[in-house]
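Report on one structure; see the data block that follows.
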Amino acid sequence: MTFHIQRRTLIQSQLESAASIGVDPADVASAQPVSGGLCKVFGIHAGLNLTVFDVIAGTALGEPVRSAPCLAIDILFNATGRGWISPPDGGEDLSIPYRRGMMYLTFAPHGATGRYDVPAGARFHGIDKRIGLDFLERLGWLGAFAVLTRGHPHHVASCGACWIGALSLPERIAGQAKSLLDSSLLNENDLAMEARCLDIIDAAIACVSSPAPLPAPTNRDRRRIEAARDILLDDLSRTWTIAELARRCGLSEKRLKAGFQKEFGKPVYRYLQLARLTEAKRMLAETDRNVTEISLEVGYTSTSHFARVFLREFGVLPSAIKSETRNSSKTRRHLIQTAW
């Protein structure tokens, strides 16, 4: 069986080529050899590419492949194995299991490097869309992804430079994707292909920006979620993992994250960060401890990191709060002394 890559630019796109945004199928084929199948790459617009694929994976785990800054929407009708994304800031690799009947959204505004590990003979059949940041911004969609957090119901992995979400393929999008596949394989009308491609993107983004509402926690879960909050607040210096906190409270990780977001309006780590910074601000204003002591007291082992997040949250450095407090104290003492 042979492997074919075809490239075509839609008539109305006025692009010179169908160059891929992000991972190029030829690079993937080189990094993870395929034993056969077909991959078609379409230039839809400047800043928007579509790849349809039906391939059989090879045997070797190849070299990493690089993605440019973009939003990737992947719809998998058939897939197995696992992929990793290495954030550009050098953080820990993000692991993503591949499952059939799933839709994956990866927002990497600074780009990312990926690698793949799939069993020999595995079939990959689906659609990949790569959407450039300028294209997202022109359509008013960029803001929906800039605010995504770990607390989002579809979140599966993230770091400071990359967010990955996954959800079971909604029936409406599945139908649109199958129609798009048929259009691409049969070389049907380019305008119809463009319309179907944009419809899928619009529906996928709607799933992320307006996810299904979180269910209200039961009374029993609510007590355990409140206990989790109290555990965090009782020792701000301790760094808990979600898994540890969930075990301590007798909840699954999923129920803890969803319930915490529902009860307190913020994900667990964001709530903890605000609690730490608020307490640090109080201590800076009301105690004689220095910035280093206070940062350690509220769980920041790096004073410089503490200063950065404090500045981002309150708009001033911790040292400014301490200086202002000292100056205020001197002024009060001076007023008292001169009053006598």
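The values are calculated or read from the model by the stated rules, or taken from the named source; none is laboratory data. Just so you know, these numbers come straight off a predicted model, no measurement behind them. No Cβ is skipped: glycine too gets one built from the backbone with ideal geometry, and neighbour counts run over all protein chains shown. These accessible areas exclude ligands, DNA and RNA; they are computed on the full protein's heavy atoms, side chains included. Shrake-Rupley method; radii C 1.70, N 1.55, O 1.52, S 1.80 Å.
Residue-level check: of (1) modelled with pLDDT under 75; (2) open to solvent by less than 30 Å² (accessible area, probe 1.4 Å); (3) in contact with a Leu (Cβ under 8 Å, 6 or more places away or on another chain), Phe42 misses just (1). Applying the set (1) under 25 Å from Glu194 (Cβ atoms); (2) charged (D, E, K, R); (3) at pLDDT below 80 to Glu92 leaves exactly one unmet item: (1).
Looking only at residues in region 97-112 that are buried (at least 21 other Cβ atoms within 10 Å of the Cβ) and not aromatic (Phe, Trp, Tyr), the one that is farthest from the chain's Cα centre (by Cα) is Met103.
What single numbered condition from (1) more than 19 Å from Cys207 (Cβ to Cβ); (2) out of contact with any strand residue (DSSP E or B) (no Cβ under 9 Å at 6 or more places or on another chain) fails to hold for Val147? (1) is the only condition that Val147 fails.
When region 193-206 is filtered for residues that are closer than 17 Å to Thr106 by Cα and out of contact with any strand residue (DSSP E or B) (no Cβ under 9 Å at 6 or more places or on another chain), the ones remaining, listed by number, are Asp202, Ala203, Ala206.
Mind listing whichever residues of region 228-249 are assigned to a helix (DSSP H, G or I), touching a Lys or Arg at 6+ places or on another chain (Cβ under 9 Å) and free of Cβ contacts under 8 Å to residues at least 40 places away in the same chain? First the steps, then the outcome.
The initial filter retains those residues of region 228-249 that are assigned to a helix (DSSP H, G or I), namely 228-234, 242-249.
Checking the rest, the ones that are also touching a Lys or Arg at 6+ places or on another chain (Cβ under 9 Å) come to 228, 231-232, 242, 246, 249.
Those that are assigned to a helix (DSSP H, G or I), touching a Lys or Arg at 6+ places or on another chain (Cβ under 9 Å) and free of Cβ contacts under 8 Å to residues at least 40 places away in the same chain: Ile231, Ile242, Ala246, Cys249.
Looking for whichever is open to solvent by 20 Å² or more (accessible area, probe 1.4 Å), in contact with a helix residue (DSSP H, G or I) (Cβ under 6 Å, 6 or more places away or on another chain) and without any contact (Cβ under 8 Å) to a residue 24 or more places away in the chain here; the options are Glu293, Glu263, Glu253. Which one fits?
On the way: Glu293 fails: in contact with a helix residue (DSSP H, G or I) (Cβ under 6 Å, 6 or more places away or on another chain); Glu263 fails: without any contact (Cβ under 8 Å) to a residue 24 or more places away in the chain.
Just one listed residue meets the conditions, Glu253.
Among the helices (runs of 4 or more DSSP H) contained in region 113-223, which hold 2 or more residues that are open to solvent by 40 Å² or more (accessible area, probe 1.4 Å) and of a type outside the set (D, E, K, R)? Can you show your working first?
Values: elements: 133-138, 142-146, 171-186, 190-209.
Of the helices (runs of 4 or more DSSP H) lying wholly inside region 113-223, those with at least 2 residues that are open to solvent by 40 Å² or more (accessible area, probe 1.4 Å) and of a type outside the set (D, E, K, R) span 142-146, 171-186, 190-209.
Is it the case that Ala243 is at pLDDT 85 or above, out of contact with any Leu (no Cβ under 6 Å at 6 or more places or on another chain) and either under 25 Å from Ser302 (Cα atoms) or of a type in the set (Gly, Ala, Ser) (or both)? Against the criterion (at pLDDT 85 or above, out of contact with any Leu (no Cβ under 6 Å at 6 or more places or on another chain) and either under 25 Å from Ser302 (Cα atoms) or of a type in the set (Gly, Ala, Ser) (or both)), Ala243 qualifies. A Cβ distance below 9 Å, combined with a sequence gap of six or more or placement on separate chains, defines the contacts here; from region 66-85, residues that are over 11 Å from Gly111 (Cα atoms) reach residues that are in a loop (DSSP other than H, G, I, E, B) and among the basic types (Lys, Arg) in the pairs Leu76/Arg99; Leu76/Arg100; Phe77/Arg100; Asn78/Arg100; Ala79/Arg99; Ala79/Arg100; Thr80/Arg99; Thr80/Arg100. For region 277-290, the set of residues classified as open to solvent by 40 Å² or more (accessible area, probe 1.4 Å) and assigned to a helix (DSSP H, G or I) consists of Thr278, Glu279, Lys281, Arg282, Ala285, Glu286, listed by residue number.
To keep it simple, each residue is scored yes or no on (1) out of contact with any strand residue (DSSP E or B) (no Cβ under 7 Å at 6 or more places or on another chain); (2) closer than 30 Å to Leu245 by Cα; (3) among the aliphatic types (A, V, I, L, M); (4) modelled with pLDDT under 85.
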{"residue": "Lys129", "(1), (2), (3), (4)": "no, no, no, no"}
{"residue": "Pro153", "(1), (2), (3), (4)": "yes, yes, no, yes"}
{"residue": "Cys159", "(1), (2), (3), (4)": "no, yes, no, yes"}
{"residue": "Ile164", "(1), (2), (3), (4)": "no, yes, yes, no"}
{"residue": "Ile173", "(1), (2), (3), (4)": "no, no, yes, no"}
{"residue": "Ala177", "(1), (2), (3), (4)": "no, no, yes, no"}
{"residue": "Leu191", "(1), (2), (3), (4)": "yes, no, yes, yes"}
{"residue": "Glu226", "(1), (2), (3), (4)": "yes, yes, no, no"}
